[in-house]
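A.B. asks: Supplied in structure tokens, the structure appears directly below.
Read the figures in this text as sums done on the coordinates, not as results from a lab. Every value quoted in this text rests on a predicted model; they were computed, and no experiment measured them. With ideal geometry, Cβ positions are generated from the backbone for all residues, glycine too; neighbour counts draw on all protein chains shown.
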Amino acid sequence: MALFSGENILCFRGERTVFADLSFRIQLGEALVLRGPNGSGKSTLLRLMAGLLKPHDGTITWDGENISDDPEGHNAHLHYVGHADAVKPVLSVHENIVFWANLRANAGPIEAALDAFGIGYLTDVPGRFLSAGQKRRVNLARILASPAELWLLDEPTTALDAEAISDLEREIATHRASGGMVIASTHTEIGLKDARILNLDDFRLTEDAA
Amino acid sequence: MNTFISIVRRDLQLAMRQGMDSVMVVAFFILAVMLFPFGVGPEANILARIAAGVIWVAALLSSMLSLERLFQIDYEDGSLELLALQPCALEITVMAKITAHWLTTGLPLLIATPLLAVFMSLPSDGFWALLFTLAIGTPSLSLIGAIGAALILGSRRGGVLLSLLVLPLYIPVLIFGVSAVDGAISGLPIKAHLLIMAGLLVAALPLCPWAGAGAIKQALET
């Protein structure tokens, strides 16, 4: 039973304490939604969870093992969707996704991933002709093309239309039903059934306390 | 190994499709060398005397031209952080990108060199020495340059900073490359020079991807 958790995480950006004493835990099939105003550290927390950043204090563990002990092993568990979509303008949609899928040991069918986000018809279109929303769909199709247990989604609904958002909700539900975990930061409502909510405002140090 | 090949193939594909990069590097190389006959005059003996040095310095500057873009584009479009989040060590990824850089700049330079050697009336005794030193020297240039390219990520005016960081580190390669060619022309044994250059390459091979990966991790933390 995989368990992803963090204990007493402390994080600074520059001189400022972004959050302190933050803990979370998430198990197979669960979803965690990060909430908080701009600058409350949602993206920072997701980057900490991905291992791109190191916490200044506290630990983040996968099945009881600190993720910084085996970063490559942790990478194999996760998919990260950040602000940038990493779509190469001169490669076709298909080539873009195949490249990322082939870096993983368990590449699945690309066509199914494209169809899940309704971009099957764009297969041969070069990345430079895509709109922002289409690029985001490509980026989301990427994480379907090679299954991983943990999805870290940083504002995944940015630039998506209503139809794509419902595609995303459906894929997240399927992913959770098959035992996946999802951690997402979002401002808009996305329908995640009984997702737990982590409000980052609760972990901000007030000026008086510091 | 699969990852290594995938990344090299993707970078070559990108270089082919957006074209120009390799062409520009070779064009710069040829033009830079062609300026010298205009600058120092067309006397064959003077050109022959400076040929090795001129070709080496031009090769070094042109291989630096495309270095700035080695990681910068992937950094800006988010590919670099995804590459860092793959199950293979980042060092392998960096090594793959360096390999692709050499294939798209070092190799074309090598192919253009015979033409320039004739143009600069390089004595025929030095011809093979020049090709051979460039063949083992340009991979070192790509390797060392990758550290600089990784260090400038996220900084503005990275290009100038890159040359300040990297050019001093190129000096040993340049010294032994040029003196091997000069040695070959004057009929001296050059084995020692070649061994030192090979040594530099062997030392750079593990060290530079390691340092480059460290610098990239640092850049991704911001």
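A.B. asks: Under a cut-off of 22 Å between alpha-carbon atoms, report the lysines in cross-link reach of B:Lys217, not counting same-chain residues fewer than 8 places apart.
C.D. replies: Once the sequence-local lysines are set aside, what remains near B:Lys217 is A:Lys42, A:Lys54, A:Lys88, B:Lys97.
A.B. asks: Quick check on the range B:2-220: what are the equivalent-ellipsoid semi-axes from the Cα gyration tensor, as sqrt(5λ), descending, whole Å?
C.D. replies: That gives 32, 18, 15 Å for the three semi-axes.
A.B. asks: Evaluate the range A:127-199: find the radius of gyration of its Cα atoms, find its Kirkwood radius, and give the ratio Rg to Rh.
C.D. replies: 0.95
A.B. asks: If you average the C-alpha positions of the range B:113-174 and of the range A:114-158 separately, how far apart do those two centres end up, in angstrom?
C.D. replies: The distance from the Cα centre of the range B:113-174 to that of the range A:114-158 comes to 40 Å.
A.B. asks: Next question. Given Cα pairs under 8 Å that are at least 6 residues apart, what percent is the relative contact order of chain B?
C.D. replies: Reported as a whole number, the value is 27 percent.
A.B. asks: With point charges of +1 on the Cβ of Lys and Arg and -1 on the Cβ of Asp and Glu, referenced to the Cα centre of the range A:87-148, which listed residue (A:Pro89, A:Leu122, A:Ala105) lies farthest in the positive direction of the dipole?
C.D. replies: A:Pro89
A.B. asks: Still on this structure, please answer the following. Cα atoms only, the range A:53-210: Rg and Dmax in Å?
C.D. replies: Cα-based Rg and Dmax for the range A:53-210 come out at 17.1, 57 Å.
A.B. asks: D for the range B:55-142, whole µm²/s, Stokes-Einstein with Kirkwood Rh over alpha-carbon pairs at 10 °C and 1.306 mPa s: what number?
C.D. replies: Once the numbers are plugged in, D ends up at 109 µm²/s.
A.B. asks: So which aspartates and glutamates can A:Lys193 reach, going by Cα to Cα under 19 Å and dropping same-chain residues fewer than 8 places off?
C.D. replies: Qualifying aspartates and glutamates at Cα under 19 Å: A:Glu30, A:Glu149, A:Asp154, A:Glu155, A:Glu163, A:Asp167, A:Glu169, A:Glu171.
A.B. asks: If you build a Gaussian network model of chain B, linking Cα atoms that sit under 10 Å apart, which residue out of B:Gly19, B:Gly212, B:Gly145 swings the most?
C.D. replies: B:Gly19
A.B. asks: Oh, and also: Rounded to the nearest 10 degrees, what's the angle between the helix B:158-185 long axis and the longest principal axis of chain B, both from Cα atoms, 0 to 90?
C.D. replies: The angle comes out near 40 degrees.
A.B. asks: Ok, one more. Can you give the FRET efficiency for A:Glu111 and B:Leu65, using 1/(1 + (r/R0)^6), R0 = 35 Å, r = Cβ-Cβ distance, to the nearest 0.05?
C.D. replies: 0.30
A.B. asks: May I pose another question? Assuming 1.306 mPa s and 10 °C, estimate D for the range A:87-148 with Stokes-Einstein, Rh taken as the Kirkwood radius over Cα pairs, in µm²/s.
C.D. replies: Result for D is 143 µm²/s.
A.B. asks: Which angle between 0 and 90 degrees, to the nearest 10, do you get for helix A:162-177 versus the longest principal axis of chain A when only C-alpha atoms count?
C.D. replies: Relative to chain A, helix A:162-177 is tipped by roughly 70 degrees.
A.B. asks: Let me ask another. What do you get when you divide the Cα radius of gyration of the range B:86-181 by 2.2 N^0.38 Å, with N the number of residues?
C.D. replies: Compared with the compact-globule rule of thumb, the range B:86-181 sits at 1.25.
A.B. asks: While we're here: Can you work out ³J(HN,Hα) from phi for every residue in the range A:80-94, in order, using Karplus 6.51 cos²θ - 1.76 cosθ + 1.60 and θ = phi - 60°, giving whole Hz and x for Gly and Pro?
C.D. replies: Using θ = phi - 60°, the values come out as 10, 10, x, 6, 8, 8, 6, 9, 6, x, 8, 9, 6, 4, 4 Hz.
A.B. asks: Under the classification rounded if a/c is under 1.5, otherwise prolate if a/b is larger than b/c and oblate if not, where does the range A:120-163 fall, given a ≥ b ≥ c as square roots of the Cα gyration tensor eigenvalues?
C.D. replies: Oblate, since a/c reaches 1.5 and b/c is not below a/b.
A.B. asks: Okay, moving on. Counting only residues 5 or more places away or on other chains, whose amide H sits under 5 Å from the amide H of A:Phe117 once H atoms are built in the peptide plane?
C.D. replies: Under 5 Å from the amide H of A:Phe117 lies no amide H from a residue far enough along the sequence or on another chain.
A.B. asks: Let me ask something additional. How large is log10 of I(q)/I(0) for the protein assembly as shown at q = 0.12 Å⁻¹ when the intensity is taken from the Debye formula with one equal scatterer per alpha-carbon?
C.D. replies: Computed log10 I(q)/I(0) values: -0.98.
A.B. asks: Express the relative contact order of the range B:6-73 as a whole percentage, based on alpha carbon pairs under 8 Å and six or more residues apart in sequence.
C.D. replies: Reported as a whole number, the value is 38 percent.
A.B. asks: If you plug each phi of the range A:181-193 into the Karplus form 6.51 cos²θ - 1.76 cosθ + 1.60 with θ = phi - 60°, what whole-Hz ³J(HN,Hα) values come out, in order, with x for Gly and Pro?
C.D. replies: These are the phi-based 3J(HN,Hα) values: 10, 10, 10, 10, 10, 7, 9, 7, 6, 10, x, 10, 5 Hz.
A.B. asks: Another question about this same structure. For the protein assembly as shown, what is the mean residue ellipticity at 222 nm derived from helices alone (per DSSP H run of n ≥ 4: -39500 (n - 2.57); sum divided by total residues; nearest 500 deg cm²/dmol)?
C.D. replies: Helix-only estimate at 222 nm: -18500 deg cm²/dmol.
A.B. asks: Using only Cα atoms and rounding to the nearest 10 degrees, what angle (0 to 90) does helix B:127-151 make with the longest principal axis of chain B?
C.D. replies: Approximately 30 degrees, to the nearest ten.
A.B. asks: Scan around A:Val18 for amide H atoms under 5 Å from its own, H built in the peptide plane at 1.01 Å from N, and keep only partners 5 or more places away or cross-chain.
C.D. replies: Amide H to amide H, under 5 Å and 5 or more residues apart or across chains, A:Val18 pairs with A:Cys11, A:Phe12, A:Arg13.
A.B. asks: Follow-up question, since we're still on this one. Amide H neighbours of B:Leu67 under 5 Å, at least 5 residues apart or on other chains, H built in the peptide plane: list them.
C.D. replies: Those qualifying (amide H under 5 Å, at least 5 residues apart or on another chain) number zero.
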